[in-house]
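In what follows, a structure is listed as structure tokens, so that the remarks can point back to it.
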Amino acid sequence: MKFESLTQLTAEAGKEMVQGTVFAQVGQHNTRTTKTGKPYLEIVLTDVGGSVTIKVWDNAPWHPAFSALQAGMAVAVTGNWQVNQYGMDATELDARPLTPDEEEEMLAGNPELRRKQAEDWAYIGTMVESMADPRLKTLSQALLETFGARFRRSGAARSVHHARRGGLVEHTAGVMRNAAALCTCYPALNRDLVLAGALFHDCGKMWENAYEEHTLVMPFTESGELLGHIPFGLELINKLWSRVLTDERREEWKALEPASDLVRLHLLHLVASHHGSLEFGSPVLPKTPEALALHHADDLDAKMEILAQAYAGQPEIGKRILQRKMPMPTNLVLPLPSFEG
């Protein structure tokens with residue numbers, strides 16, 4: 001059978017040995033030795049949803065073929081798969097390069113993920129179109145038009161939540177949904193500002209957590225390490241603002257209230273303060289209702305994703321109790337199903 005993802009493979013192989021093929025990228029390819037000096041290959045296979053690590057022993061018939069693989073190669077790996085106490089056990093292995101069409105399929109993720117990310121991207125565009133403030137709408141449209149391709153292949157984090165190709169789209173759409181709901185609950189909030197803050201809050205991840213066009217391995221960059229996504233986001237807002245502020249728009253926006261410089265300043269504050277506390281990386285604490293609303297919209301979406309990952313993959317340590325998943329502070333309990341009349 002053809003597994004749609006490594007996540008599906010791991011779930012199936014956790015029940016019993018299964019035979020089939022996965023499309024993946026070679027994330028790491030290392031030669032190791034056991035404590036007794038026996039050599040083996042340690043190969044990390046990666047797709048949009050996750051990764052698995054397999055060992056190929058030097059006396060296995062398929063060892064020469066897997067020795068020829070290199071990090072970054074897109075491959076179809078066929079074998080017998082079984083999850084045991086040490087991880088994924090893979091035997092009777094075979095590998096071949098993916099065709100260009102297969103590689104595009106692999107980079108886009110499984111059908112369900114592709115559908116979700118397409119819907120989320122469309123939702124982001126709809127929310128931008130709904131903005132009434134022409135300055136925030138123009139700035140947001142410029143972001144999507146200029147950096148759309150990079151946005152759609154970036155992760156929302158390196159780990160913890162939405163740490164996958166396209167994860168930035170999923171997380172941004174989730175934060176915008178939360179933000180829109182909060183604006184309904186609290187009509188005094190500046191809806192356009194909160195939505196723009198939701199769109200831009202993690203836009204610096206396009207440089208801190210960006211994937212190259214044909215890879216599923218998120219690279220480390222010196223600029224990402226030295227600055228991080230909040231400074232990147234602040235710089236991007238200022239640069240885009242300067243780009244869209246033509247002489248014609250400057251005249252059009254001169255009579256608008258609140259003043260344009262104040263609008264830009266408050267948007268910068270939302271991005272700067274969205275982590276909510278200094279120890280979590282924000283250079284300033286939230287000081288407006290909109291900044292506080294954005295912080296909680298962001299935090300809630302991230303935590304709900306962590307919970308979803310935990311319910312899908314954490315081991316059960318008691319009846320309806322799952323093992324703690326970092327950074328959650330405690331073990332998790334299965335949720336109560338909705339009432340069905």
Quiz item: Which one is least open to solvent (accessible area, probe 1.4 Å), of the residues in region 70-87 that are assigned to a loop (DSSP other than H, G, I, E, B) and touching a strand residue (DSSP E or B) at 6+ places or on another chain (Cβ under 8 Å)?
Solution: 72
Quiz item: Which one of 157, 122, 132, 90 is part of a strand (DSSP E or B) and either modelled with pLDDT of 95 or more or buried (at least 17 other Cβ atoms within 10 Å of the Cβ) (or both)?
Solution: 90
Self-check item: Selected residue (criterion: surrounded by the most Cβ atoms within 10 Å (Cβ to Cβ)) from residues of region 288-335 that are in a helix (DSSP H, G or I) and among the acidic types (Asp, Glu)
Solution: 290
Self-check item: Filter result for the condition that a residue is among the small types (Gly, Ala, Ser) and loosely packed, with under 14 Cβ neighbours inside 10 Å, over 282, 273, 338
Solution: 338
Quiz item: Within region 40-67, can you find the residues that are hydroxyl-bearing (Ser, Thr, Tyr) and buried (at least 17 other Cβ atoms within 10 Å of the Cβ)?
Solution: 40, 46, 51
Quiz item: Quick one: what pairs do we get from region 310-336, first residue free of Cβ contacts under 8 Å to residues at least 12 places away in the same chain and farther than 22 Å from residue 299 by Cα, second surrounded by 11 or more Cβ atoms within 10 Å (Cβ to Cβ) and of a type outside the set (S, T, N, Q), C-beta under 8 Å, 6+ apart or different chains?
Solution: 315/322; 316/322
Practice problem: Go through region 209-237 and give me each residue that's closer than 20 Å to residue 267 by Cα and either basic (Lys, Arg) or in contact (Cβ under 8 Å) with a residue 40 or more places away in the chain (or both). | Solution: 228, 230, 236, 237
Self-check item: Residues satisfying the stated conditions in region 56-82, i.e. within 17 Å of residue 21 (Cα to Cα) and without any contact (Cβ under 8 Å) to a residue 24 or more places away in the chain
Solution: none
Quiz item: Exactly one of (1) assigned to a helix (DSSP H, G or I); (2) closer than 19 Å to residue 201 by Cβ is unmet by residue 284. Its number?
Solution: (1)
Quiz prompt | Only one of 154, 130 that is under 24 Å from residue 4 (Cβ atoms), of a type in the set (S, T, N, Q) and in contact with a Leu (Cβ under 9 Å, 6 or more places away or on another chain) | solution = 154
Quiz item: Any idea how many residues of region 23-52 are under 21 Å from the mean Cα position of the chain (by Cα) and more than 17 Å from residue 68 (Cα to Cα)?
Solution: 8
Exercise. Scan region 37-86 residue by residue and report those that are among the hydrophobic types (A, V, I, L, M, F, W, C) and more than 30 Å from residue 306 (Cα to Cα).
Key: 41, 56, 57, 60, 62, 65, 66, 68, 69
Practice problem: Kindly list the number of the only condition in (1) in a loop (DSSP other than H, G, I, E, B); (2) over 30 Å from residue 46 (Cα atoms); (3) open to solvent by less than 90 Å² (accessible area, probe 1.4 Å) that fails for residue 257. | Solution: (3)
Practice problem: Identify the single condition in (1) in contact (Cβ under 8 Å) with a residue 60 or more places away in the chain; (2) over 25 Å from residue 155 (Cα atoms) that residue 287 does not satisfy, given that it satisfies every other one. | Solution: (1)
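I'm checking my understanding of the structure. Among residues of region 7-20 that are in contact with a strand residue (DSSP E or B) (Cβ under 8 Å, 6 or more places away or on another chain) and either acidic (Asp, Glu) or farther than 10 Å from residue 81 by Cβ (or both), which one is surrounded by the fewest Cβ atoms within 10 Å (Cβ to Cβ)?
Checking each candidate, the answer is 16.
The values are calculated or read from the model by the stated rules, or taken from the named source; none is laboratory data. Given the structure is predicted, the values throughout are model-derived calculations rather than measurements. Note: ideal-geometry Cβ built from the backbone for every residue, glycine included; neighbour counts use all protein chains shown. Only protein heavy atoms, including side chains, enter the accessible area calculation; ligands, DNA and RNA are left aside. Shrake-Rupley method; radii C 1.70, N 1.55, O 1.52, S 1.80 Å.
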